[in-house]
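Report on the following structure.
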Ligand SMILES: [Zn+2]
């Protein structure tokens, strides 16, 4: 069932004209350009909502992170170093620092994007219906800064049966 949905996602991705070429050579990617030290809004200990205009985000985030996080883009599949990473820690929103997923909720879906079966807390995420690309999906956004993260599907493993399919570029890990 994963595979069918993954295939659909890939098809829609191709439909966007962005191609599905594997790009392992570009693996270690844009994270360097959006280090938290250059982003005054990256603050894991601040719990209040981070409300920042997109015009400001555009100056802070790298172009690829901005495209995914603020324009609901999708990173090319199989390009995130987090996809197969087994690093232990907590995944945070790269824009605001909100804690999103624990590494022990990560699993290998083979889908091309980092996948998790549950968020760190319910309120870490915002869920919104997404009917674009001829599909009925549920978009997940950061619960603190509303950056687009990815989608959640009901074909994940136990115990939740959910698969949070998340763009790696919007994640950073704290060990
Ligand atoms: Zn955020």
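The values are calculated or read from the model by the stated rules, or taken from the named source; none is laboratory data. These numbers were taken from a predicted model, which means no experiment stands behind them. Note that we place each Cβ from the backbone using ideal geometry, even for glycine, and neighbour counts take in every protein chain shown.
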* Looking at residue 122, is it within 16 Å of the ligand (Cβ to nearest atom), within 21 Å of residue 42 (Cα to Cα) and modelled with pLDDT under 95? -> yes
* **Test: residue 129 is within 16 Å of the ligand (Cβ to nearest atom) and either modelled with pLDDT of 95 or more or outside any strand (DSSP E or B) (or both)** => no
* So how many residues does the range 60-107 have that are in a helix (DSSP H, G or I) and either touching a residue at least 60 places away in the same chain (Cβ under 8 Å) or within 16 Å of the ligand (Cβ to nearest atom) (or both)? -> 10
* Long-range neighbours under 6 Å by Cβ, at least six apart or interchain, first residue at positive phi within the range 117-144, second in a helix (DSSP H, G or I) -> 133/12
* To do: Determine whether residue 142 is farther than 18 Å from residue 42 by Cα and crowded, with 20+ Cβ neighbours inside 10 Å.
  => no
* **Matching residues, the range 87-98, being touching a helix residue (DSSP H, G or I) at 6+ places or on another chain (Cβ under 8 Å) and over 15 Å from residue 117 (Cα atoms)** => 87, 88, 89, 93, 94, 95, 97, 98
* Structure fact -> How many residues of the range 133-159 are part of a loop (DSSP other than H, G, I, E, B) and within 16 Å of the ligand (Cβ to nearest atom)? The answer is 5
